[in-house]
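Visitor: Pasting in a structure now, in structure tokens, and then I'll have a few things to ask.
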Amino acid sequence: MAGDSKKLQPIIVKKIKKGGHGHHGGAWKIAYADFVTAMMAFFLLMWLLGSTTEGDKKGIADYFQSPLRVALQAGGSGSGDSSHVLKGGGQDLTRTTGQVKRGDIAAPKATVNLQALKEEQLRAERARLEELKQKVEQKIGANAKLAPLASQIRLDMTRDGLRIQIVDEQNRPMFDSGSAEVKPYMRELLREIGAVLGEVPNRLTLEGHTDAHPFSGGERGYSNWELSADRANASRRELILGGLPDHRILRVQGLASSTLFVNDEPLNAQNRRISIIVMNRDAEDRVFRTAPEVAEATGVPSIRPASSPLVNLR
């Protein structure tokens, strides 16, 4: 019997399964991602705290401590601006008393006295033109050939700027009678003036003037109007040869005997002259304002090339 019971006893086999521990199932990646997310949130919180004003911090703290009270007071109680993204967040720290909503008070603006600025610019421009006047006088006085012509040069300040007038004398004319060809000694004078004027940025107006002697052909033919315009253009060419940039000349005009130098002597030789006006800013602005008005009245469009704000008028 004992032998039979031994035979009937079941045999139990233990199997131990050995598993690998190589990659831990990737759980470390999840832990690292959580750590990076937490660090990002931490630094974001630190940045927000560092860029938030004390008033905003107090408003946020009030909201989380008692949100119902802040909501009922519409963000009041001095805890901040009711227009803030968080009700009650941030207060106007520039005020010591009262509750002021941001935007209700305009920020202080730096104001400029335009009239005083314009007057200062005019003074500076006038000083520059006075300096130019002295320089022209010095250039002519220092040149032995031009010094005898100094008596024919008139320099004065006008409403439009510095005016340089070269007048005829009975024994020393700029042009022959009825001619627009510049005398040799006047060419050198005009070129010397052109070199000096080339150093300043101002625009120029050239005017030709004659006396009241009429042409034999009458006013219907070639007259003092054409002659004065031709003489002004001849002077313009000499100024350019002296170094004056062409685009600096704004207007070339022939005025005949309409503006006399010696009012009570229309036949006086000094009425025959060339006027060079170094224009100030106001004079230029008047020209640019007038040109569109003239174009609108006449129906002829004004042309403004790239190199010059206004086409030379005559």
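Visitor: If every alpha-carbon in region 149-302 counts as one equal scatterer, what log10 I(q)/I(0) does Debye give at q = 0.08, 0.09, 0.20 1/Å?
Guide: The calculated log intensity ratios at q = 0.08, 0.09, 0.20 Å⁻¹ are -0.23, -0.30, -1.31.
Visitor: A further question on this structure: Quick check on the exposure proxy: order Phe64, Phe288 from fewest to most C-beta atoms within 10 angstrom. Each step should come with its number before you reach the end.
Guide: Working: Phe64 9, Phe288 13.
The fewest-first ordering by Cβ neighbours comes to Phe64, Phe288.
Visitor: Then there's this: Arrange the following residues from fewest to most other Cβ atoms within 10 Å of their Cβ: His209, His247.
Guide: Result, fewest neighbours first: His247, His209.
Visitor: Same structure, new question: With bins 10 Å wide starting at 0, give me the P(r) of region 158-241 over every alpha carbon pair, in whole percents.
Guide: Over region 158-241, the share of Cα pairs per 10 Å bin runs 15, 47, 29, 8, 0 percent.
Visitor: How do Ser235, Ser257, Ser51 rank when sorted from fewest to most other Cβ atoms within 10 Å of their own Cβ?
Guide: Ser51, Ser257, Ser235
Visitor: Take the residue pairs Lys118/Lys145; Lys135/Lys183; Lys139/Lys183 and return only those whose Cα atoms are more than 30 Å apart.
Guide: Correct reply: Lys118/Lys145.
Visitor: Length gain on complete extension for the stretch Ala38 to Asp285, per 0.36 nm per residue less the alpha carbon to alpha carbon distance?
Guide: Value of the extension gain: 82.3 nm.
Visitor: While we're here: Tell me which residues come under 5 Å, amide H to amide H, from Gly161 once H is placed; ignore anything under 5 positions away on its chain.
Guide: Sorted by chain and number, the residues that satisfy this are Asn280.
No value in this document is a laboratory result; all are computed from the given coordinates. Quantities reported herein were computed from a predicted structural model and do not represent experimental measurements. A quick note on method: Cβ atoms are made from the backbone with ideal geometry, for glycine too, and the neighbour counts reach across all protein chains shown.
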